[in-house]
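One structure, pasted below without further comment.
No lab work stands behind these numbers, since they all come straight from the coordinates. Because the structure is predicted, anything quoted here is derived from the model rather than measured. Cβ placement follows ideal geometry from the backbone for every residue including glycine, while neighbour counts extend to all protein chains displayed.
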Amino acid sequence: MKRRTLVLIVAGGAGLVLAMVLVAVSAAYGAHYRDRGLPGITVAGEPITGKTRAEVAESLRARAAATSVTWSTGPGSPSASATLADLGVSVDVDATVREAFSRNSSLGGQLSALFVPDRIDAVVTSDGKTLEATARQIAVDSGVAGSDAVVVLSDDGTTFEVTPAVVGKAVNPATFQQEVKAAAAGLKKRSITVEFVDAAPMVSDEDAAKAAQAANALVTLPVVVSDGNKDHTAEPTVQAAWIGVPVTKAGLGTPTLDVDQVTAWVQDLADGARRDPVNGKRYVDPKGEVLSVTQQPRDGQEVTNVETVTEAIIAQVGAGKSYTGAFEYTKVPAAWESKEVSSAAEVLVYFPTGKEKWIDVNLANHTVTLYEGTTVVKGPISMVDGAAVTPTVTGTYKIYAKYETKTMRGFEADGVTPYVTENVPWSMFFHGGYALHGAYWRSTFGYSASHGCVNLPVSTAKEIYQWAPIGTVVVVHRG
């Protein structure tokens, strides 16, 4: 074999070996970095070579939490600091990791990192509102902020008025919002000096005047709801309270009605129109035969269309139209409450509840009887009721005031001559100036002679005073 041929064979073999070595090295390189950070890749200024995705993500979260921004408005002005989270700015860790490992999916991409390094910023997101609110507050705190024209209710709460806009300055986004986002992208603490630029109000006086005019037009639209007996018209103060002028990114929106406010007004009317059932009360004998009816039953009623009326008001007024509507009802049936007695002779003038205490004042036979339920606990007791010219009132009342002693004043039957009785004992007032009380000036009872009060022996009056609390029913009747 010739020497030249031998050399070629040897060289070819060496090249093949080298190629095989390179392939092996490349394969090993690719396998090692398939799920690890590549050489030459930095994320927010930090190399990630050899780190796993989880390690990179953990590092990003820690750095984001530690990144803050400090700002002032110039030399000598106070400074303030906030974290990215406080400013509503966050790092999208997953998106950043995906970007950092985008070359790992192919061997070519992995090898390219050796020759073409890549500096990746953190992927930043912002809620917008927090950062903008902070910028506005900086202007306010610096005393340079203007203000939008606003629509407000008048002092009497019946019309909408305009508070004029004030022209001022706003934070230059390039010196604050953009700087904050840059700090987040690089995950480095940053100190910045905020500058201001002239800023026209977002809501002008003219825009606010148009919105106020539209709101006032809604206030003047008649809103009438009938309960079947009476028409109820919304007062201007009530109707104005329903209306709001929303503030949007584009300025002032179309006036709207507050559902809760309208519902509250309609519900209040419905509550007033509701009628609770009144149960009938009667005495029956053991066979169930009715002996006496002391109270006729009366069915109640409830409004059934509160929601429908509310929705109609909102729809009509919101469309610039007046509204007239009416309540619809469902009947709430009343029931009978019956008490069994052995005969008509046991029928009472009052229908007590359970063991309720009550006082029977019978003007026909000049007696007072104390009951607990249908059981007599004392009496009949002779008393002195009002004379013919100053009669005792009749009806069902309740004791509303009690005095161990009381000076009583009034006029004789002529309406002119005054009288004064001092130290009247154990007085129990049940209607105006009418009372049950002790009468130390009388020695006999069982006739009509008082100025209208029910006169009792002093010892008996004391006993009743101690037995009957405030609120005890007093039934005064004749026969």
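Just report the Cα centroid separation between region 132-186 and region 55-96, whole Å.
Using only Cα atoms to place each centre, the spacing works out to 23 Å.
Identify all lysines with a Cα-Cα distance to residue 287 below 19 Å; exclude those on the same chain that are fewer than 8 residues away in sequence.
By straight Cα distance, residue 287 reaches 339.
With only Lys, Arg, Asp and Glu charged, each at its Cβ (+1 for the first two, -1 for the last two), find how big the charge dipole of region 226-323 is about the Cα centre; round to the nearest 20 debye.
Taking the Cα centre of region 226-323 as origin, the dipole is about 120 debye.
At most 15 other Cβ atoms within 10 Å and a DSSP loop assignment: could you name the chymotrypsin sites (Phe, Trp or Tyr not before Pro) in region 337-441 that fit? Mind showing how you got there, number by number?
On the way: sites: 350, 358, 371, 397, 400, 403, 411, 419, 426, 429, 430, 434, 440, 441; in loops: 350, 400, 440, 441.
Answer in residue order: 400, 440, 441.
With everything on Cα atoms, drop me the angle between helix 129-141 and the longest principal axis of the chain, reported from 0 to 90° to the nearest 10.
That works out to roughly 80 degrees.
Another question about this same structure. Report, in deg cm²/dmol and to the nearest 500, the calculated mean residue ellipticity at 222 nm for the chain, where each DSSP H run with n ≥ 4 adds -39500 (n - 2.57) and the sum is divided by the residue count.
-9500 deg cm²/dmol
What's the local net charge at residue 40, with K and R +1, D and E -1, over the other residues with C-beta under 10 Å away?
+1
What does the C-alpha gyration tensor say about the overall shape of region 401-479? Classify as rounded when a/c is under 1.5, otherwise prolate if a/b is larger than b/c, or oblate.
rounded
Something else now. For residue 213 and residue 80, what does the FRET efficiency come to when R0 = 30 Å and r is the distance between their Cβ atoms, rounded to the nearest 0.05?
E between residue 213 and residue 80, to the nearest 0.05, is 0.15.
Post the alpha-carbon centroid distance, region 279-332 to region 222-278, in whole angstrom.
Cα centroid of region 279-332 versus Cα centroid of region 222-278: 21 Å apart.
State which stretch of the chain is the longest one without any exposed trypsin sites (Lys or Arg not before Pro), exposure meaning a DSSP loop state and at most 11 other Cβ atoms within 10 Å.
In short, 3-229.
Sequence gap at least 6, Cα distance under 8 Å: using those rules, report the relative contact order of the chain to the nearest whole percent.
Relative CO of the chain lands at 9 percent.
Also, quick follow-up: In whole Hz and in residue order, list the ³J(HN,Hα) couplings for region 359-372 that follow from phi through the Karplus curve 6.51 cos²θ - 1.76 cosθ + 1.60, θ = phi - 60°; x for Gly and Pro.
10, 9, 10, 9, 6, 5, 10, 6, 10, 10, 10, 9, 10, 10
Name the GluC sites (Glu not before Pro) in region 262-329 that are in a loop by DSSP and that have at most 15 other C-beta atoms within 10 Å, would you?
Qualifying residues, ordered by number: 289, 328.
While we're on this one: What are the ³J(HN,Hα) couplings of region 188-203, residue after residue, when phi is run through the Karplus curve with 6.51, -1.76, 1.60 and θ = phi - 60°? Round to Hz, x for glycine and proline.
Karplus-based 3J(HN,Hα) across region 188-203 equals 10, 4, 9, 10, 10, 10, 7, 10, 10, 10, 4, 9, 6, x, 5, 10 Hz.
Show me, for region 454-471, the HN-Hα J-couplings you get by feeding each phi into the Karplus relation (A = 6.51, B = -1.76, C = 1.60, θ = phi - 60°), rounded to Hz, glycine and proline as x.
Calculated HN-Hα couplings, in order: 9, 8, 10, x, 4, 5, 5, 4, 5, 4, 5, 4, 6, 8, 9, x, 4, x Hz.
Also, quick follow-up: Which of the GluC sites (Glu not before Pro) found in region 370-458 are loop residues per DSSP with 12 or fewer other Cβ atoms within 10 Å of their Cβ?
Answer by residue number: 412.
Taking a 24 Å limit on the Cα-Cα distance, which of the listed pairs 355/378; 378/402; 355/406; 281/402 fall beyond it?
Too far apart for the 24 Å limit: 355/406; 281/402.
Now a separate question. Which one, [x] 0.96; [y] 1.00; [z] 1.38, gives Rg/Rh (Cα atoms, Kirkwood Rh) as derived from the coordinates shown?
Checking each listed value against the structure points to [z].
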